[in-house]
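Inspection log for the structure reproduced underneath, given as structure tokens.
Read-outs throughout are calculated quantities, based only on the coordinates presented, and are distinct from any laboratory measurement. No experiment lies behind these values; they were computed from the predicted model shown. All Cβ positions, glycine included, derive from the backbone under ideal geometry; neighbour counts span all protein chains shown.
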Amino acid sequence: MMDHADVVVIGSGGLGAATAFYLAQRGVEHVVVVDKHDLASQTSPRAAGMLSHARSSDLMVQLVQLATKNIKRFTADTGQPLAWTQSGSLKIARRAEDVAVLEGELERGRRLGLQVERISPDEAHRLHPFLHPDGVLAVMRVGDDLYFDPAQVAIGFVRGAEARGVTLLPHTTVTRVRIDHGQVAGVETDKGTIRTPTVVDAGGAWTRQVAEASGIRVPIIPTRHQLFVTEPLDGARADLPMVRIMDAAVYVRPCQGGFLWGGFEAAPRQLDMDALGATFHMKDTPLDAGVIRGMGELVQRQFPMLLTAKIREHRGGIPTMTADGQHIVGPAPGARGFFIAGGCNVAGLSVSPAIGAALAAWIVEGEPPLDLAPLSIARFGAAAYSEERLKQEAAWRYHHVYVSM
Ligand SMILES: Cc1cc2nc3c(=O)[nH]c(=O)nc-3n(C[C@H](O)[C@H](O)[C@H](O)COP(=O)(O)OP(=O)(O)OC[C@H]3O[C@@H](n4cnc5c(N)ncnc54)[C@H](O)[C@@H]3O)c2cc1C
């Protein structure tokens, strides 16, 4: 095992792999990616692969625009395949209060140059014949939105990074980041120590454990999220728009001749990664089909097919939620050289090509390429949240994902 590096990236999911790739692209010579499991094997390949431009802040729209640019040039940059389809999306309001949220998103979208428009429920039905307009009050169409194959992103960045000289260490567990006098000094693993001045904690559901071993609290709550993929259905074309139903927090997108769908339930299952044990693997995430069916019942009027279509795949994983629904990106206060890329809020894979690029620029240049202060861990304050309040707010954010994104 190499004994020193310029940067050690902990985690080879979308966030870590993208950061490693863009560090190498910027010419950083000694980058190491450490992962306790197979490379790119945990939450990232289990995602739905949807990318949404309708966000609650200008910064997030800008990051998503950068992510889209990097997704479209992914193969040219990394030499690896990535299937993506710009099908656009329909965001559906069924309650008056959600219409107001949509109006705000339309205004921001127009101002930032997105292809957004308000369309009638009948027009939405014409664009997506599986979507019934009954009970629909307002619809926003976002032409920029796309979906991609989630299994190709992290591994593509990993292989692209490797081709640029990044060292990959799968099946190697980081036990502690050593911090001497407020400066990162090295990374201790079960296979030895790597001296380094800079680490990126991109440990996904374990981000918190990795940081806490060095006394840094990352206020995130690992939260189960799951979806179904249906068997092929007549008329389920790949270019049908994705659909998000705001109040129910249910999404549907074309997938392999059928549909992929899931939702954000009101009382999500929050998980303690320590309790799951040191060897826990995402494939063993405790799944519950009844939760997804319950979400399907909430949108039965608009999507009766969700409850009748045969299910070919049920999958899930453990993304992490924050108290305000925003990611945590940037340096940890009090530990020079310790960067965090976490708090994915079930949207980290799609934005990883932007966060990875921004973090790499930050590490190399010493400052971020755009103002990422709203994503700083410092926003939570030194007092931090009590665990109970954090869990409550994280659960609220999870269920209100489409009205507060
Ligand atoms: C069902 C589902 C649907 C989703 N849909 C979407 C979507 O449509 N769009 C979207 O953008 N996002 C979606 N997400 C969320 C998305 O999957 C995550 O935001 C993203 O994958 C997070 O990437 P990551 O790199 O943080 O985590 P991961 O991919 O889990 O990678 C973290 C890595 O860190 C490693 N690691 C942890 N601790 C250590 C340690 N101590 N030592 C060494 N290695 C360690 C792990 O082994 C793992 O490989 C979805 C998630 C799920 C579960």
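Put simply, when 102-112, 30-40 are sorted by average Cβ atoms within 10 angstrom per residue, most first, you get 30-40, 102-112.
Near L307: Cβ cut-off under 12 Å, other residues only, Lys/Arg at +1 and Asp/Glu at -1. The net charge is +2. Relative to one another, the C-alpha centroids of segment 373-404 and segment 60-86 are positioned 28 Å apart. Averaging Cα coordinates gives a centre for segment 153-183 and one for segment 232-255; these two points are 36 Å apart.
In whole Å, what is the distance between the alpha-carbon centres of segment 289-356 and segment 103-151? Segment 289-356 and segment 103-151 have Cα centres spaced 20 Å from each other. With R₀ fixed at 45 Å, the C-beta to C-beta distance from E29 to R379 puts the FRET efficiency at about 0.85. Proximity of backbone amide H atoms, modeled 1.01 Å from N, is registered between L372 and no other residue at under 5 Å, excluding neighbours fewer than 5 places apart on the same chain.
For the chain, a Kirkwood hydrodynamic radius built from all Cα pairs, placed in the Stokes-Einstein relation at 4 °C and 1.567 mPa s, yields a translational diffusion coefficient of 61 µm²/s. Helical content of the chain, expressed as a calculated mean residue ellipticity at 222 nm, amounts to -9000 deg cm²/dmol (DSSP H runs of 4 or more residues, -39,500 (n - 2.57) each, divided by residue number, nearest 500). Relative to the 2.2 N^0.38 Å rule of thumb, segment 64-142 has a C-alpha radius of gyration ratio of 1.34. For S12, the residues 5 or more places off, or on other chains, whose built amide H falls under 5 Å of its own are A40. The alpha carbon radius of gyration of segment 310-384, expressed as a multiple of 2.2 N^0.38 Å, is 1.29. Run the numbers on the chain and let me know its relative contact order in percent, using alpha-carbon pairs under 8 Å that are six or more apart. Once divided by the residue count of the chain, the mean separation gives 24 percent. Highest mean packing first, where packing is the average number of other Cβ atoms within 10 Å per residue, the peptides 342-349, 208-215 line up as 342-349, 208-215.
Peptides 192-205, 170-183, ordered by how many other C-beta atoms sit within 10 Å of their residues on average, highest first, read 192-205, 170-183.
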